[in-house]
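Data first, discussion second: the structure below is written as structure tokens.
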């Protein structure tokens, strides 16, 4: 039997793509993932993730990445409720990954609060018949999903590292990071608009934009 795991990285980020990764194994090779120390990517250091990613690729039969761009995320979010639209986008991307891997059985880390509904949503996008097990926190409980979470995180971290080397220190890309917020403020002040690698539909980016425009208007009124 061929078994796959699918997970994402960067769902809540302001910067860069949402990355979906899938990885395919022979069923008998899954135990090797435990032997090399596979676990949820959030429990590992960047160095550990990078080292494990190479080992996972060596054990795997196949792996696949799908990047959902900030522009695509903005487009669907602006059309409806953010959470539901993002779930739809992610289910579609996961289906693309699964279609490429062609497993007999796939475990996915559910993005929807209703894990079963999320699995059905993925199934609706698939032109092939695959047994889908959609679970919450599957990256912690399923080694194959833990492996996918590591590949997704390393792939996305590499993208962010390239952006950082070109544009400077933009922080982690997440709304709670002061470095990221400072980067947003400085960029908008200097360029009067946001860069293409930023998710403009996110609440935080809108808030920063309004904050700067409001301050600029106050200054304009003060000096006129």
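The numbers here are math on the coordinates, done by the rules we state, and not lab data. Source: prediction; values computed, not measured. Using ideal geometry, Cβ is built from the backbone for each residue, glycine included, and neighbour counts are taken over all protein chains shown.
Tabulated values for the structure
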| item | result |
| --- | --- |
| Diffusion constant of the range 169-222 at 4 °C, which comes from Stokes-Einstein with the Kirkwood Cα-pair radius and 1.567 mPa s, µm²/s | 112 |
| Principal-axis tilt of helix 143-167 within the chain, Cα atoms, nearest 10 degrees | 30 |
| Inter-label distance for residue 196 and residue 177, nm, one decimal - labels placed 7 Å from Cα along Cα-to-Cβ | 2.1 |
| Span from the the range 1-80 Cα centroid across to the the range 188-214 one, whole angstrom | 29 |
| Theoretical FRET efficiency, 1/(1+(r/R0)^6), r = Cβ-Cβ of residue 125 and residue 42, R0 30 Å, to 0.05 | 0.65 |
| C-alpha long axis of helix 203-222 to longest principal axis of the chain, angle in ° | 10 |
| Antiparallel bridge percentage (DSSP; both residues within the chain; nearest 5) | 65 |
| Rounded FRET efficiency, nearest 0.05, which uses the C-beta distance separating residue 26 from residue 167 and R0 of 41 Å | 0.45 |
| Projected label distance in nm at residue 74 and residue 206, using a 7 Å step from Cα toward the beta-carbon | 1.4 |
| Relative contact order (%) - the chain, alpha-carbon pairs under 8 angstrom, separation at least six | 29 |
| Calculated [θ] (222 nm, deg cm²/dmol) that DSSP helices of n ≥ 4 give over the chain, each run adding -39,500 (n - 2.57) | -18000 deg cm²/dmol |
| Equivalent ellipsoid, the chain (semi-axes from 5 times Cα gyration tensor eigenvalues, Å) | 37, 20, 12 |
